[in-house]
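The structure appears right after this line, and notes come after that.
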Amino acid sequence: MKSYYYLIVIVLVSFTISLNRLDTFTLNEMSLFLTVIGLIYGLIAAFSINNSWDRFSKIRDAVSKEISSLLLLFKYSNYISDKKSRLALKKTLLEYCNEVPRVEWHDYWKSEDTHRKFRKIQDIVIGMKLKGEKDSVIFDQMTDELTNATNARDQQLILAQTKISKIQWVLNIFLSAVLVIGLLLLDISNFILSMFISTSMIAAVLMILVVIYEMNSMKVSEEEISIDPYIMMIKTIDPSSKITSKDILGK
């Protein structure tokens, strides 16, 4: 729904901008200028989107690895003799999986509550009381999965702080503005064709900027990355849970 809202707003803004035509230069006079600016803008925008998508993909993979490892950690814990630690681990895992999706990606690094809960998971595992060889073998598997989950989480924290540089934003915005102004300077005799070209091109430029912003801020991927995998984890640990994304986000 949010994407449709953005699309409608962008088209309306583009149409409004295109009404304020200056009609200073002919298409022949501006063709080389628009071609060069459009090509440079396309390359910069494609580079920015590719970087953001690559980060999105890596974070999504890291979340998948973390959840997979934590799930195996929980399953292994069911065969450990230390019942008190088993129950404590289950409770803390549920608390952690409830907490993480509530945190915005740009605040994840500073989210001390989630860090504290994950450290508690580590402390519970490390402090387990082992009885016999069976517990020792299972404990080795648990520590391996805990290490994998820790590495995956560290990767998320680092990637969440990786943003498009300011110079890239300046280039994208500057070239977008130059391209839009260039389109408004065009003198096309056919008014309907002129409005169609201007509105379409301006809308495309604005949508590209919105896509870059959404992907860079991770807004577009909040539910895909932050919510569903952890809800799956909660329901696996506690099959009676009826929790949904609306319960977590309060929507």
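The values are calculated or read from the model by the stated rules, or taken from the named source; none is laboratory data. The shown structure was predicted, so the numbers you read here are calculated from the model rather than taken from an experiment. Neighbour counts are summed over all protein chains in view; Cβ atoms, including those assigned to glycine, are modelled from backbone coordinates with ideal geometry.
Only one of the numbered conditions (1) crowded, with 16+ Cβ neighbours inside 10 Å; (2) touching an Asp or Glu at 6+ places or on another chain (Cβ under 9 Å); (3) of a type in the set (F, W, Y) is violated by Y96, and that is (2).
For region 178-229, residues that are buried (at least 19 other Cβ atoms within 10 Å of the Cβ), at pLDDT 80 or above and not aliphatic (A, V, I, L, M) total 1. Under the condition of being buried (at least 17 other Cβ atoms within 10 Å of the Cβ) and over 20 Å from A88 (Cβ atoms), the residues counted in region 129-151 number 1. Would you confirm, using the coordinates I've provided, whether S57 is assigned to a helix (DSSP H, G or I), at pLDDT 90 or above, surrounded by fewer than 17 Cβ atoms within 10 Å (Cβ to Cβ) and among the polar types (S, T, N, Q)? Considered against the rule, which asks whether it is assigned to a helix (DSSP H, G or I), at pLDDT 90 or above, surrounded by fewer than 17 Cβ atoms within 10 Å (Cβ to Cβ) and among the polar types (S, T, N, Q), S57 comes out as no. Could you please find all residues in region 74-118 being in a helix (DSSP H, G or I), of a type outside the set (D, E, K, R) and over 21 Å from L157 (Cα atoms)? Within region 74-118, F74, Y76, S77, S85, L87, A88, L89 qualify. Contact map, region 27-40: residues that are among the hydroxyl-bearing types (S, T, Y) and assigned to a helix (DSSP H, G or I) paired with residues that are exposed (fewer than 14 other Cβ atoms within 10 Å of the Cβ) and modelled with pLDDT under 85, Cβ distance under 6 Å, separation 6+ or inter-chain. No pairs are found.
Selection of first residues in region 107-128 that are surrounded by fewer than 20 Cβ atoms within 10 Å (Cβ to Cβ) and among the acidic types (D, E) and of second residues that are assigned to a helix (DSSP H, G or I) and modelled with pLDDT under 95, restricted to Cβ pairs under 6 Å at least 6 apart or on distinct chains, gives the following pairs, ordered by first then second residue: D113/E99. Only one of the numbered conditions (1) surrounded by 19 or more Cβ atoms within 10 Å (Cβ to Cβ); (2) under 19 Å from the mean Cα position of the chain (by Cα) is not met by I80, and that is (2).
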